[in-house]
1. From the residues in the stretch 53-69 that are part of a loop (DSSP other than H, G, I, E, B) and in contact (Cβ under 8 Å) with a residue 60 or more places away in the chain, which one is nearest to residue 112 (Cα to Cα)?
2. In the stretch 9-39, what residues are within 26 Å of residue 188 (Cβ to Cβ) and not in a strand (DSSP E or B)?
3. Of all the residues that make up the stretch 68-95, how many are open to solvent by 10 Å² or more (accessible area, probe 1.4 Å) and over 23 Å from residue 42 (Cβ atoms)?
4. Limited to the stretch 70-93, what total is found for residues that are part of a loop (DSSP other than H, G, I, E, B) and either free of Cβ contacts under 8 Å to residues at least 12 places away in the same chain or among the small types (Gly, Ala, Ser) (or both)?
5. Condition first: touching a Ser or Thr at 6+ places or on another chain (Cβ under 7 Å) and over 21 Å from residue 68 (Cβ atoms). Now tell me which residues in the stretch 82-135 satisfy that.
6. With respect to residue 165, is the statement that it is touching a residue at least 12 places away in the same chain (Cβ under 8 Å), surrounded by fewer than 18 Cβ atoms within 10 Å (Cβ to Cβ) and more than 19 Å from residue 95 (Cβ to Cβ) true?
7. Which of the residues belonging to the stretch 40-67 are within 19 Å of residue 88 (Cα to Cα), of a type in the set (A, V, I, L, M) and open to solvent by less than 50 Å² (accessible area, probe 1.4 Å)?
8. Could you check the stretch 94-125 and list, in sequence order, the residues that are assigned to a helix (DSSP H, G or I) and charged (D, E, K, R)?
Amino acid sequence: MEEPLIELKDIYKIYHMGSEEVRASDGVSLTICRGEFVAIVGKSGSGKSTLMNIIGALDVPTSGEYYLGGEDVSHMSDNQLAEIRNKMIGFIFQQYNLLPKLNLLENVELPLLYAGLGASERKERAMASLERVGLKEKWKNLPSQLSGGQQQRVSIARALAGSPSLILADEPTGALDSRTSREVLDFLKQLNREGNTIVMITHDNSIAMEARRVVRVFDGKINFDGDVNEYSAIL
């Protein structure tokens, strides 16, 4: 049996809007093992973003348990969550979230700076990370000097720099044209083949089909969890 990296047990996230109770996560249980490539798919308002925030240690559940790499994350303070995010999770966002006044090297170094690494090790790791995404030669460039696809590759380099246990990609192709989307998805697949665990959040079934396993969320619950081939059969 492969080792679980993510274990969600009976997760509820409940919001109160006036007198109404909204169950953004409604009893979700999910296990993701190391080395998997999983797409979490759902329409807007389905609860997939809530699930992503909990998996990404950006939020804690109202009730239930969440273990990341065997550590119970469900009751951590904000500072503890920040430490877990920095140590264990590499984020790839739809809007890249690069700092415009920093060059590519400095952008990729940021999580390593927060992790307290020394200057020479930061530079070495960041350059190696840029090399992996084919942008080592452009390390002095500012984000504005790159295409959208290149900027997304820089954000992938930043996610990889700290050697995270989990790469969490939130709509990673949302701001890209179809050809560039293809490049980014192929790169995520390559990272998965190299042993990286990837969880990708998307509203788009065609993007979800690029993963190996699909988890579909509807009204705060998981209503499908299976192999990508099984998923394609029901679409």
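The values are calculated or read from the model by the stated rules, or taken from the named source; none is laboratory data. Nothing here was measured: the structure is a model prediction, and the numbers come from that model. Note that each Cβ is placed from the backbone with ideal geometry, even for glycine, and that neighbours are counted across all protein chains shown. Just so you know, the surface numbers come from the protein's heavy atoms only, side chains and all, with ligands and any DNA or RNA stripped out. Shrake-Rupley method; radii C 1.70, N 1.55, O 1.52, S 1.80 Å.
1. Residues of the stretch 53-69 part of a loop (DSSP other than H, G, I, E, B): 56-62, 69.
Next, only the ones that are in contact (Cβ under 8 Å) with a residue 60 or more places away in the chain stay: 56, 69.
Numbers: 56: 18, 69: 20 Å.
For the stretch 53-69, the residue satisfying everything is 56.
2. Within the stretch 9-39, 34, 35, 36 meet the criteria.
3. Total meeting the criteria: 15.
4. Step one: list which residues in the stretch 70-93 are part of a loop (DSSP other than H, G, I, E, B), which gives 70, 73-77, 93.
Going one step further and asking which of them are either free of Cβ contacts under 8 Å to residues at least 12 places away in the same chain or among the small types (Gly, Ala, Ser) (or both), we end up with 70, 74, 77.
Qualifying residue count, the stretch 70-93: 3.
5. Residues of the stretch 82-135 touching a Ser or Thr at 6+ places or on another chain (Cβ under 7 Å): 88, 92-93, 96-98, 100, 108.
Correct list: 96, 97, 98, 100, 108.
6. Numbers: touching a residue at least 12 places away in the same chain (Cβ under 8 Å): yes; surrounded by fewer than 18 Cβ atoms within 10 Å (Cβ to Cβ): yes; more than 19 Å from residue 95 (Cβ to Cβ): yes.
Yes.
7. Selection gives 51, 52, 54, 55, 57, 60.
8. Of the residues in the stretch 94-125, the ones assigned to a helix (DSSP H, G or I) are 104-114, 119-125.
The answer is 106, 109, 121, 122, 123, 124, 125.
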